[in-house]
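The values are calculated or read from the model by the stated rules, or taken from the named source; none is laboratory data. Every value quoted in this text rests on a predicted model; they were computed, and no experiment measured them. In this analysis, Cβ positions are derived from the backbone assuming ideal geometry, glycine residues included, and neighbour counts consider all displayed protein chains. Each accessible area value is taken on the protein alone, full model and side chains, heavy atoms only, with ligands, DNA and RNA left out. Shrake-Rupley method; radii C 1.70, N 1.55, O 1.52, S 1.80 Å.
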Amino acid sequence: NFYSPQGFKAIIDNARKICGDKPLAANILYAINDYGRVVRDACEGGANIIITGAGLPTNMPEFTEGYDDVALVPIVSSAKALKIICKRWQKRYNRLPDAVVLEGPKSGGHQGFSYEDCKKEENQLENIVPPVVEFAKKYNIPVIAAGGIWDKSDIDKYLKMGCAGVQMGTRFIGTYECDADD
């Protein structure tokens, strides 16, 4: 339960040295203590994008007030979750997500599925992408597929299904550049 604003700012400053003026994102779990404070610190520290999962961030825009240029990207596991976010954000903040990450049950994150539901065919990424893409089209929200994206054929598959991009993570653990083995 320890959070250091100075430590977080140092991480952002170091990342900024590496990426220069390119977009810099902070992935902040909704389930953490002081979520709002950490989001605000990320904005004040110079993050261009806030990505949030591990819960339904229905009040995410509240903490980015005054930082309209910071892109807000919630992580969802269903069209229902995206609908709830859009409805609440529009009503309370007159805002919509700038993009959405759709995580299937093979993602390394905090899925919106129980352990048993992760195995169900209807919850597999290829089956939850179409309704999310269809709903997101209404608002021109780019969808980024995540969870089990392994190679170029997977990338092509989800791009053909209407996704704007994919997120890959686990695939890179085995690379020389990754320090996971350390």
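Results for (1) in contact (Cβ under 8 Å) with a residue 40 or more places away in the chain; (2) farther than 30 Å from Lys119 by Cα, shown as yes or no for each residue.
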residue	(1), (2)
Gly36	no, yes
Gly55	yes, no
Phe63	no, yes
Val73	yes, no
Lys87	no, no
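When Ala26, Ala47 are checked against the criterion of being assigned to a loop (DSSP other than H, G, I, E, B) and either crowded, with 20+ Cβ neighbours inside 10 Å or under 14 Å from the mean Cα position of the chain (by Cα) (or both), Ala47 stands alone in meeting it.
Restricting attention to region 32-42, the residues being within 22 Å of Gln90 (Cα to Cα) and either outside any helix (DSSP H, G or I) or open to solvent by less than 10 Å² (accessible area, probe 1.4 Å) (or both) number 1. Looking across region 114-149, the residues that are loosely packed, with under 12 Cβ neighbours inside 10 Å, modelled with pLDDT under 95 and not in a helix (DSSP H, G or I) come down to Ser114, Tyr115, Glu116. Only residues that are open to solvent by less than 30 Å² (accessible area, probe 1.4 Å), farther than 22 Å from Ala47 by Cα and not in a loop (DSSP other than H, G, I, E, B) were counted in region 81-112, giving 4. The set of residues in region 156-182 that are of a type in the set (A, V, I, L, M, F, W, C), open to solvent by 50 Å² or more (accessible area, probe 1.4 Å) and either under 23 Å from Asp98 (Cβ atoms) or not in a loop (DSSP other than H, G, I, E, B) (or both) comprises Leu159, Met161, Ala164, Met168, Phe172. Only residues that are in contact (Cβ under 8 Å) with a residue 24 or more places away in the chain and either open to solvent by 90 Å² or more (accessible area, probe 1.4 Å) or on the phi > 0 side of the Ramachandran plot (or both) were counted in region 1-13, giving 1. Contact map, region 14-34: first residue in contact (Cβ under 8 Å) with a residue 24 or more places away in the chain, second residue exposed (fewer than 12 other Cβ atoms within 10 Å of the Cβ) and not hydrophobic (A, V, I, L, M, F, W, C), Cβ cut-off under 8 Å, separation 6 or more or different chains; pairs are Asn33/Asn1. Each residue in region 53-80 was checked for being surrounded by 24 or more Cβ atoms within 10 Å (Cβ to Cβ) and out of contact with any helix residue (DSSP H, G or I) (no Cβ under 6 Å at 6 or more places or on another chain), and 5 of them qualify.
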